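Student: Right, I'll just put the structure down here and ask away after.
Values quoted throughout were computed directly from the atomic coordinates according to the rules given, and no laboratory measurement underlies them. These numbers come from a predicted model, not from an experiment. No Cβ is skipped: glycine too gets one built from the backbone with ideal geometry, and neighbour counts run over all protein chains shown.
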Amino acid sequence: MKCEYCLEVKDLTVRYGEITALKNVNFSLEKGKFYTIVGPNGGGKSTLVKTIVGIIDDYDGQIRIFGRERDEYLQEKMVGYVPQIASFTKFPIKVIDVVLMGLFRERRFRYSREHYKRAIKALERVGMADFSGRLIHELSGGQRQRILIARALVSDPELLIMDEPTVGLDSASQAQFYELVKGLKESGMTVLMVTHDVGFVSEYSDAILCINKTLVVHASDVSELPQSFFAKLYGYGVKAAVHGHER
């Protein structure tokens, strides 16, 4: 029997000592769709995605990925994960080696020729194959972000999760990133992304999860989010601009 959902989170609670970061979070995500997580700073968005991908192990509740318990699933497969943009200042590592890191669980003593082929294929998927021999710190912020996405894609994940991937990118790099994500969605991949870019949310996502310690809203359109949410998110009242582009 096939599982209807790619991700199910039930009664998820995460604490850091005496501080409750998330409390009784519940939602289910369908396969092959694009979801965005929005919410105020300190609302638990990064805690949520880190718990899903296995970085945070101490939690109450249940996480099921494609019908299997989180730890059982992660023992055999990987969830593609792009963390908040990392600094590679003068770090002497080549682009191809960064992407190969996404296959570390498959490596024995060294990466095989097949591993390198898969890394190049992942770079081709994000339009960066010609940069495989470059040092990562030589690239622009937008280029580095695409490399990190390639690292997440190289293991052929069924689910891709990204945490604030557009922070620090200029408008041109953001536009390129959005087109890349649109292509991933069209290919049938399930994508879950944390973002503050409400314009992006309105244009591309199939549904929106608003997290502020718990699940505040699970909406299918940004216009369904209450104005009180935007006041909390930005510190003042704003009106979301819904672009109306075809998804």
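Student: How are the alpha carbon pair distances in the stretch 48-197 distributed across 10 Å bins from zero to the largest one, expressed in percent?
Tutor: 11, 40, 36, 12, 1
Student: Charges only on Cβ, +1 for Lys and Arg, -1 for Asp and Glu: so what's the dipole of the stretch 124-211 about the Cα centre, in debye to the nearest 20? Walk me through the numbers before you get to the answer.
Tutor: Details: 7 positive and 13 negative charges, 39 e Å.
It comes to approximately 180 debye.
Student: May I pose another question? The stretch 3-65: D in µm²/s via Stokes-Einstein (Kirkwood Rh, Cα pairs, 20 °C, 1.002 mPa s)?
Tutor: Details: Rh = 12.3 Å.
Translational diffusion coefficient: 174 µm²/s.
Student: Filter the trypsin sites (Lys or Arg not before Pro) in the stretch 42-119 down to the DSSP loop ones having no more than 12 other Cβ atoms within 10 Å, then list what survives.
Tutor: Details: sites: 45, 50, 64, 68, 70, 77, 90, 94, 105, 107, 108, 110, 113, 117, 118; in loops: 77, 90, 105, 107, 108, 110.
Those that pass, being in a loop and sparsely packed, are 90, 105, 107, 108, 110.
Student: Put +1 on the Cβ of every Lys and Arg and -1 on every Asp and Glu Cβ in the stretch 85-156; which of 155, 142, 127 then has its Cα farthest towards the positive end of the dipole?
Tutor: Positive-end residue among those listed: 155.
Student: Continuing with this model, one more query. Putting +1 on Lys and Arg Cβ atoms and -1 on Asp and Glu Cβ atoms, find which of 16, 75, 92 reaches farthest to the positive end of the dipole of the stretch 1-139.
Tutor: The one lying farthest along the dipole's positive direction is 92.
Student: By how many nm would the segment from residue 114 to residue 97 grow when fully extended, if each residue of separation counts as 0.36 nm and the alpha-carbon distance is taken off?
Tutor: Numbers: separation 17, 0.36 × 17 = 6.12 nm, distance 1.39 nm.
Additional length available on full extension: 4.7 nm.
Student: For a quick size check, give me the Cα extents of the stretch 85-156 along its three principal axes, largest first, whole Å.
Tutor: 30, 23, 19
Student: Then there is this: How large is ³J(HN,Hα) for each residue in the stretch 135-141, as worked out from phi by the Karplus curve 6.51 cos²θ - 1.76 cosθ + 1.60 (θ = phi - 60°), to whole Hz, x for Gly and Pro?
Tutor: For the stretch 135-141, the Karplus-derived couplings read 6, 4, 6, 7, 8, 6, x Hz, x marking Gly and Pro.
Student: Just grab the label-to-label distance for residue 41 and residue 62, each label 7 Å out from Cα along the Cβ direction, in nm (one decimal).
Tutor: Going from the residue 41 label point to the residue 62 one covers 3.7 nm.
Student: Do any chymotrypsin sites (Phe, Trp or Tyr not before Pro) in the stretch 82-190 lie in a DSSP loop with no more than 14 other beta carbon atoms within 10 Å, and if so, which? All intermediate terms of the calculation are to be shown ahead of the outcome.
Tutor: On the way: sites: 88, 104, 109, 111, 116, 131, 177, 178; in loops: 88, 104, 109, 111.
Answer in residue order: 104, 109.
Student: Cross-link list 23/77; 10/213; 10/185: which exceed 18 angstrom alpha carbon to alpha carbon? Can you show the working numbers first?
Tutor: On the way: 23/77 27 Å; 10/213 14 Å; 10/185 25 Å.
From 23/77; 10/213; 10/185, over 18 Å: 23/77; 10/185.
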